[in-house]
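Structure record follows, encoded as structure tokens.
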Amino acid sequence: MKVAILGQGWLATEVLHALGRIPALSIVAASPEKTDDRFMLALKHAGVPVIPNLKHLPHCDLMVAAHCHRYIGAGALLKARHGILAYHPSLLPRHRGRNAIHWTLAMRDPIAGGSVYLMDDGVDTGDIVCQDWCHVLPNDTPQTLWRRSLGPMGVRLLTQAVTWLVRDGTLHTMRQDERCATWEPALAREPLKNTI
């Protein structure tokens, strides 16, 4: 199975390493969001072709979005036979949007979670592949909650979903329940931009 990885930072780096250990899987390209972070260094070390512009990514079986803050449109979706798997650090459909962890804490949710879903043409609206949850501790900050639970959960869930696809040739999904959906605005950042 041929896979391309999109993303940045620690999460994309750990997903790159985890997927590299799956038999019958080949990472054929990557599109990092930054040129000077640990993901870019890991790609160079692994010899994975770096393709900054999503329009130039090769056709593949699957794309994996790990800490991806770009809106990925229909053009990129069509390049991956099985679609694009993405990780969102909330129990979707709750806390859609860029700052899900901040809003989880601001709204005093007692639990947090992560969701792997198949991207569609919306933002954090695709069908869910798998989810998990964790407790929010009284003194948690976005950084402590990410480091302790939600970051490692993202690596595990993305790896699990890809492993299922390699093993079974398909993914079982569940639609998001729009009755429970929330959308929270980004905090002091530019809105998502359509890159393809």
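The values are calculated or read from the model by the stated rules, or taken from the named source; none is laboratory data. Source: prediction; values computed, not measured. Quick reminder, even Gly has a Cβ in these numbers, built from the backbone with ideal geometry, and neighbours come from all protein chains shown. All accessible areas refer to the heavy atoms of the entire protein, side chains included, with ligands and DNA or RNA removed. Shrake-Rupley method; radii C 1.70, N 1.55, O 1.52, S 1.80 Å.
General observations
- Sparse packing (at most 12 other Cβ atoms within 10 Å of the Cβ) combined with a DSSP loop state is found for the following trypsin sites (Lys or Arg not before Pro) in region 104-196: Arg108, Arg175, Arg189, Lys193.
- Distance between region 26-51 and region 101-160 - C-alpha centres, whole angstrom: 24
- Taking amide H as placed 1.01 Å from N in the peptide plane, the amide H of Asn99 sits under 5 Å from that of Leu187, each at least 5 places away or on another chain.
- Shape analysis of region 25-163 places it in the prolate category; the axes a ≥ b ≥ c from the Cα gyration tensor give an a/c of at least 1.5, with a/b above b/c.
- Cα gyration tensor shape of region 93-196, rounded if a/c is under 1.5, else prolate or oblate by comparing a/b with b/c: oblate
- Note, ³J(HN,Hα) from phi for region 71-87, Karplus 6.51, -1.76, 1.60, rounded to Hz, x at Gly and Pro: 6, 10, x, 4, x, 6, 4, 6, 7, 10, 4, 9, x, 10, 8, 10, 10
- Computed from point charges on the beta carbon alone (+1 for Lys and Arg, -1 for Asp and Glu), the dipole magnitude for region 2-180 about its Cα centre is near 280 Debye.
- Using a probe radius of 1.4 angstrom, the carbon and sulfur fraction of the accessible surface of the chain is 56%.
- Within region 13-29: backbone nitrogen closer than 16 Å to the Arg167 label point (7 Å, Cα to C-beta): 19, 21-25
- Scalar couplings 3J(HN,Hα) for region 157-166, obtained by applying the Karplus form with A = 6.51, B = -1.76, C = 1.60 to θ = phi - 60°, are 5, 5, 5, 4, 5, 5, 4, 4, 5, 4 Hz; x denotes Gly and Pro.
- Solvent exposure of region 71-187, expressed per residue, is 49 Å² of accessible area, with all protein chains present and a 1.4 angstrom probe.
- Comparing His82, His172, His102 in a Gaussian network model of the chain where C-alpha atoms under 10 Å apart are linked, the largest mean-square fluctuation is found at His172.
- Gaussian network model of the chain, springs between alpha carbon atoms under 10 Å - residue of Glu14, Glu178, Glu33 with greatest fluctuation: Glu178
- Taking every C-alpha pair closer than 8 Å and separated by at least 6 residues, the mean separation divided by the residue count of region 2-180 gives a relative contact order of 20 percent.
- For region 2-180, share of DSSP beta bridges that run antiparallel, in % to the nearest 5: 45
- Qualifying trypsin sites (Lys or Arg not before Pro) in region 1-71, DSSP loop, other Cβ atoms within 10 Å at most 13: Arg21, Lys34
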